[in-house]
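Engineer: Sharing a structure here in structure tokens format.
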Amino acid sequence: MGIQVIATTPFKDQKPGTSGLRKPVPVFQQPHYLENFIQAIFDTIEAPQGQTLVLGGDGRYFNAEAIQVILKMAAAKGFARVKVGQNGILSTPAASCVIRKYGAVGGIILSASHNPAGPQGDFGVKFNIANGGPAPEKVTNAIYERSLALTHYSIYTAPDVNLHTLGEFPLGEMIVEVIDPVADYQALLETLFDFDRIAEVIRTGKLRLVFDAMHAVTGPYAQQILEKCLGAPPGTVQNGVPLPDFGGGHPDPNLVYAHDLVQQLFGEQPPDFGAASDGDGDRNMILGANCFVTPSDSLAILAANAQLVPGYRDGLAGIARSMPTSQAADRVAAKLGIDCYETPTGWKFFGNLLDAGKVTLCGEESFGTGSNHVREKDGLWAVLFWLNILAVRQTPVAEIVKDHWRTYGRNYYSRHDYEGIEGDRAHTLMSQLEQKLPSLVGQTLGAYTVATADNFSYSDPVDHSVSQNQGIRLIFEDGSRIVYRLSGTGTQGATLRVYLERFEPHPSQQHLDAQVALADLIQLANDVANIQSLTGRDRPTVIT
Ligand code: G6P
Ligand code: ZN
């Protein structure tokens, strides 16, 4: 036993994307691949000696092996303590909570989020900093630079640590502390929501709910919080046992991949409320009886009803949304007299705004919602926020949504994804579109006149860093928008995302299906970017 220094050579592809380093499992299984990336992370942490690190993952294939490697490398690096979730499990928001609560220097979360798992599926490594949030670009760039210069990594040689039993165990000079993955997180949520009131409506049958954990990390969290603590009947949590391959499914809570849940909510005698989360527990999808709440509307509705929830009763400092997220939240912010910030896609961009106290709630169209309670989006938090609102208002979800539209207007919204297209074709499409932008301004296309056509660039109001090329926007004079972006999270080819939005102030026109209401914008989006001819696809793979 002792520290071994192993010679290695850099891998050229360890540049973290939107959310950590995400690659197919066989890539991570190459000799030294994981070790190199972990060493690059550790080398960018200033003075790790004597510090605490948090470690856990979503339980997917390769989680268990990777955890052991990281523990041994942490011992070699000189960390004093690693808090690791029992059996290597920690959801992304729970990891963020634990980092903050115990003043850890950062945390490593093993997940490829909603991407499928298994021997041929994806694996991922995310690094979060001391505020509990995803490492900002200057840190991920430093990690990448370091990964390109590595000649060695260090690892402590010892037998694997038993992660089944809670408690503290020595690994060389370091302490491995195996923690209950749910306890700290549940304690935090209990400070924010009125658990008694939610339990009461569940107990009396006024609120019947289902939650689909999609065989991913939220199973144990939801069973503990919804069933054991709030008293929802056994079976409320469906697919609650985390499996290394997520049961062969695609744990992305949307209308396509959470199809079974959607069928229940749109079927015979639907429950009052349904929700699902993703692989690592940070996303959420909210459904009511015969009703799907778009993530953009969900953010706006949470903001508009925040005064009903104990943790947010004193008001919101501000709201932030990613650029492609609909402007529904902006309308609530305007009414509340608070600021609404527009950031690039990626939760990491909310970190500075949250740390500076400029915003309380954040949300993204990609099924992410969260607040200043942690520095990640948080699936079960969103579920409890909704349950708290429902417990107080005792109004069906669909009515709450319609009522919101009547008050604020409806931002019709949809996202069309073209998945797995050839990288070259996708880049050609984006560059041809970008070249066209100057000529589009002022043009009238069908019923729409282009007011702005640009590639979104963000200047962080806190640290003034600038992030360019964050998505092509066509903003029309009436506020409607078409946004085009290439996904930063896929691992197979490229994914083109087209985001469509149109505002409808008149209650008599707010009941349409979004695809119908947006039909002319959809056509326009296809024509302007030549999507069909350049991608070779006649329709999107996923519509949400
Ligand atoms: C991850 C990030 C989100 C982001 C999403 C975008 O889930 O945590 O903050 O919105 O990726 O994914 P995309 O595939 O559109 O780049
Ligand atoms: Zn996720």
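Each value in this text was obtained by applying a stated rule to the coordinates, not by laboratory testing. Treat the numbers as computed from the prediction; the structure is a model and nothing was measured. Glycine also receives a Cβ, built like all others from the backbone with ideal geometry; neighbour counts cover every protein chain displayed.
Engineer: Could you give me D for the range 410-543, from Stokes-Einstein at 25 °C and 0.890 mPa s, where the hydrodynamic radius is the Kirkwood radius over C-alpha pairs? Units µm² s⁻¹, please. Intermediate results must be reported in sequence, preceding the final value.
Structural biologist: Working: Rh = 15.6 Å.
My calculation gives 157 µm²/s for D.
Engineer: By average Cβ neighbour count within 10 Å, what is the ranking of 302-311, 276-285 from highest down?
Structural biologist: Working: 302-311: 20.5, 276-285: 31.5.
The packing order, highest mean first, is 276-285, 302-311.
Engineer: Then there's this: Could you tally the net charge around residue 418, taking each other residue with its Cβ under 12 Å from the Cβ of residue 418, Lys/Arg +1 and Asp/Glu -1? Write down the numbers at each step before the final one.
Structural biologist: Values: positive: 415, 425, 485, 497, 537, 539; negative: 417, 419, 422, 538.
Within the 12 Å Cβ shell, the charges total +2.
Engineer: Which lysines have a Cα less than 20 Å from the Cα of residue 228, not counting those fewer than 8 places away in the same chain?
Structural biologist: The reachable lysines, counting only those whose Cα sits under 20 Å from residue 228, are 206.
Engineer: Would you mind classifying the range 146-193 by shape? Square roots of the alpha carbon gyration tensor eigenvalues, ordered a ≥ b ≥ c; an a/c under 1.5 is rounded, otherwise it is prolate if a/b is larger than b/c and oblate if not.
Structural biologist: Working: a/c = 3.98, a/b = 1.66, b/c = 2.40.
Since a/c reaches 1.5 but b/c is at least a/b, the shape of the range 146-193 is classed as oblate.
Engineer: Cα convex hull of the chain: how many Å³ per residue?
Structural biologist: Details: hull volume 76.3 nm³, N = 544.
Here the figure is 140 Å³ per residue.
Engineer: Of the peptides 163-169, 252-258, how do they stack up when ordered by the mean number of other Cβ atoms within 10 Å, highest first? Mind showing how you got there, number by number?
Structural biologist: Values: 163-169: 12.3, 252-258: 21.6.
In decreasing order of mean packing, 163-169, 252-258 become 252-258, 163-169.
Engineer: Right, next: For the range 247-307 and the range 399-471, compute the distance between their C-alpha centroids and round to whole Å.
Structural biologist: 24
Engineer: Still on this structure: For the range 185-408, what is the Kirkwood estimate of the hydrodynamic radius, computed as the reciprocal of the mean inverse distance between distinct Cα atoms, to one decimal in Å?
Structural biologist: Evaluated on the range 185-408, it is 17.2 Å.
Engineer: Can you give the translational diffusion coefficient of the range 80-146 in µm²/s, computed by Stokes-Einstein from the Kirkwood radius over Cα pairs at 20 °C and 1.002 mPa s?
Structural biologist: On the way: Rh = 12.9 Å.
Answer, rounded: 166 µm²/s.
Engineer: On to the next question. For the range 156-260, take N as its residue count and report Rg(C-alpha) divided by 2.2 N^0.38 Å. Display every interim value, and only then the final one.
Structural biologist: Details: Rg = 17.6 Å, N = 105, 2.2 N^0.38 = 12.9 Å.
Output field value: 1.36.
Engineer: I'd like the projected area of the range 17-76, averaged over all directions, using the convex hull of its alpha carbons. Report it in nm² with one decimal.
Structural biologist: Values: hull surface 18.4 nm².
In nm², the orientation-averaged hull projection of the range 17-76 is 4.6.
Engineer: To continue, here is another question. Over its Cα atoms, what ratio of radius of gyration to 2.2 N^0.38 Å does the range 2-180 give? Before the final figure, lay out the partial values.
Structural biologist: Numbers: Rg = 14.5 Å, N = 179, 2.2 N^0.38 = 15.8 Å.
For the range 2-180, the normalised Cα radius of gyration is 0.92.
Engineer: Next question, about the same structure. For the chain, what is the mean residue ellipticity at 222 nm derived from helices alone (per DSSP H run of n ≥ 4: -39500 (n - 2.57); sum divided by total residues; nearest 500 deg cm²/dmol)?
Structural biologist: Values: 18 runs with 174 residues, N = 544.
Calculated at 222 nm, the ellipticity per residue is -9500 deg cm²/dmol.
Engineer: Quick check of the Kirkwood formula: for the range 170-227, what is the inverse mean of 1/r over all pairs of different Cα atoms, in Å?
Structural biologist: Details: mean 1/r = 0.0722 Å⁻¹.
About 13.8 Å, per the Kirkwood formula over Cα pairs.
Engineer: Another question, if that's okay. Quick one: if you stick a label point 7 Å off each Cα along the C-beta vector at residue 162 and residue 434, how many nm between them?
Structural biologist: Going from the residue 162 label point to the residue 434 one covers 5.6 nm.
Engineer: Here's another thing I want to ask about it. Quick check for you: which residues of the range 278-294 have the amide N under 16 Å from the point 7 Å beyond the Cα of residue 504 toward its beta carbon?
Structural biologist: Residues 291-294 fall inside that zone.
Engineer: Straight-line reach only, C-alpha to C-alpha below 17 angstrom: list the lysines that residue 23 could link to, leaving out same-chain residues fewer than 8 apart.
Structural biologist: Partners found: 12, 15, 126.
Engineer: In addition: When the Kirkwood radius is taken over all Cα pairs of the range 232-359, what Stokes-Einstein diffusion coefficient follows at 10 °C and 1.306 mPa s, in µm²/s? Write out the running numbers ahead of the final one.
Structural biologist: Details: Rh = 16.6 Å.
Rounded, D is 96 µm²/s.
Engineer: Also: When a footprinting reagent is the concern and you count Cβ atoms within 10 Å, what order do 114, 464 take, fewest first? Can you show the working numbers first?
Structural biologist: Numbers: 114 25, 464 8.
If I rank by nearby Cβ atoms, fewest first, I get 464, 114.
Engineer: Just report the Cα centroid separation between the range 14-64 and the range 173-226, whole Å.
Structural biologist: Cα centroid to Cα centroid, the span is 27 Å.
Engineer: Output the DSSP H helices from the chain with an along-axis C-alpha extent of no less than 24 Å and a mean Kyte-Doolittle hydropathy no less than -1.0. Walk me through the numbers before you get to the answer.
Structural biologist: Working: long enough: 423-440 (26 Å, -0.61).
Once both thresholds are applied, what remains is 423-440.
Engineer: Mind checking the dipole of the chain: about its Cα centre, +1 per Lys or Arg Cβ, -1 per Asp or Glu Cβ, Debye to the nearest 20?
Structural biologist: Values: 42 positive and 57 negative charges, 65 e Å.
The calculation lands at about 320 debye.
Engineer: Taking Cα centroids, how far is the range 473-544 from the range 83-125 in Å?
Structural biologist: After rounding, the separation between the Cα centres reads 33 Å.
Engineer: Order 43-54, 69-80, 529-540 from most to least packed using the mean count of other Cβ atoms within 10 Å. Write out the running numbers ahead of the final one.
Structural biologist: Working: 43-54: 17.2, 69-80: 22.4, 529-540: 15.6.
Descending packing order for the listed peptides: 69-80, 43-54, 529-540.
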